[in-house]
Amino acid sequence: MDFGGFQDGIYAEGLLAKHRRFPYTFADLEARARQILDHATFDYVRGGAGDETTQDANVTELRRYGFVPRMLRDRSTRDLSTTFLGTELTAPVVLCPVGVNGLVHEGGDLEVARAAGALGVAAMYSTLSDAPLEEVADARGDSFGAFQLYPTKDDELTDNLVRRAEKAGFDALTITLDTGSLGWRPRDLANGYIPFLRGRCLANYLTDPRFLELCGTDAPPPLHAGIVWSSLFSKPTFGWDDVARIRRITDLPIILKGICHADDARKAAAEGVDAIACSNHGGRQANGGLPAISHLEGVLDAGLPVTFDSGIRDGVDVLRAVGLGATLAGIGRPYVYGLTLGGAAGVEHVVRSMLAEADLTMAADCLTSLADLHVVRR
């Protein structure tokens, strides 16, 4: 697919003195989103754990890697396609699960799903959503979609969510492992702000009979729902036995998100896990860790398909991650800012821009397929 052709329309419009309403760089997207969102919501999206050293290092360390170009080759067409869990994809990206899409734009989770469907790209959809997972599954069309699960302290509730995801037609289950407790986030502390405590983005809970049973009412007020949610989120004792239990109740492929240690990756492979999402939650959960990209090589050694996120900001970063061995590069904050600015259209713009940059970078370097990527550390 000619992703680079996206820029031709932009330049053609420029000849007519027309300019598109969305920016093209991460810095500009973030600056525009800051102008739109209220302070607490922007800080929640922008912020990381502690002094945000790990969050920042995710970006800077990834950019220590670069490509070796090859010249005098036919670059007229490039192929960015790949295969993940048996599904053929036209591009090596996945939209990461984000729990506040419904706060940055009305109907945000459905807008993201519609954008993924229009683009035909893979996406992971958060447990923390302003729309029930069944509606999100429908909105994504035929695009690859994984339901992202935060295991709760109540196994019955957790298992309900898993069964609902399978029945809704999701293609995989992504279990997030690094949120057994909320991280220390000074921006959110300064604002005294966790949206879920206020009953926001809890649609998957409020449509589940077990959660309503635990609430003691079929129509809990927002603060009541938030308090019950807080008492259940999430399960700090979640371990391999829990993964095995979930494996027994679903036929969906299981992706473990948050694996960074090579031994954990090998254990996942031995336990029959289908894929790994190598990630440190974008630096939002724990400060002081190594940049996420530092873990990718060891995780890949386990032999499972691997997605990578944490620090992806543009199309060149996508190529860096894939060139280092990831099957898919996870996009997070960039598309959330696009969603903030323009709903599904904003998400599409951001992803198309990133894929255009990736495609045109490959063209400039005479790299015609992802297999041609040769990435070295500076």
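The values are calculated or read from the model by the stated rules, or taken from the named source; none is laboratory data. Here the structure is a predicted model, which means the values were calculated and not measured. So basically every Cβ, Gly included, is an ideal-geometry build from the backbone, and we count neighbours across all protein chains shown. Remember, those area values only see protein heavy atoms, side chains included, never the ligands or the DNA or RNA. Shrake-Rupley method; radii C 1.70, N 1.55, O 1.52, S 1.80 Å.
Below, the figures for the structure above:
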| read-out | value |
| --- | --- |
| Out of 218, 241, 251, sole residue that is assigned to a helix (DSSP H, G or I) and modelled with pLDDT of 95 or more | 241 |
| Residue list for region 193-209, filter: buried (at least 19 other Cβ atoms within 10 Å of the Cβ), assigned to a helix (DSSP H, G or I) and aliphatic (A, V, I, L, M) | 203 |
| Selected residue [out of contact with any helix residue (DSSP H, G or I) (no Cβ under 8 Å at 6 or more places or on another chain) and either at pLDDT 95 or above or among the aromatic types (Phe, Trp, Tyr) (or both)] from 92, 69, 97 | 97 |
| Helices (runs of 4 or more DSSP H) contained in region 97-171 and holding at least 1 residues open to solvent by less than 10 Å² (accessible area, probe 1.4 Å) and closer than 15 Å to residue 200 by Cβ | 101-104, 108-119 |
| Of residues in region 265-282 being farther than 27 Å from residue 333 by Cα and not hydrophobic (A, V, I, L, M, F, W, C), the one most open to solvent (accessible area, probe 1.4 Å) | 266 |
| Residue that is surrounded by the fewest Cβ atoms within 10 Å (Cβ to Cβ), among those in region 87-96 that are of a type outside the set (Val, Ile, Thr) and touching a residue at least 24 places away in the same chain (Cβ under 8 Å) | 89 |
| Subset of region 9-27 [in a helix (DSSP H, G or I) and either surrounded by 13 or more Cβ atoms within 10 Å (Cβ to Cβ) or hydrophobic (A, V, I, L, M, F, W, C) (or both)] | 10, 12, 15, 26, 27 |
| Residue 62 being open to solvent by less than 20 Å² (accessible area, probe 1.4 Å) and closer than 20 Å to residue 328 by Cα | yes |
| 1 or more residues open to solvent by 30 Å² or more (accessible area, probe 1.4 Å), closer than 20 Å to residue 174 by Cα and without any contact (Cβ under 8 Å) to a residue 40 or more places away in the chain: qualifying helices (runs of 4 or more DSSP H) within region 285-378 | 296-300 |
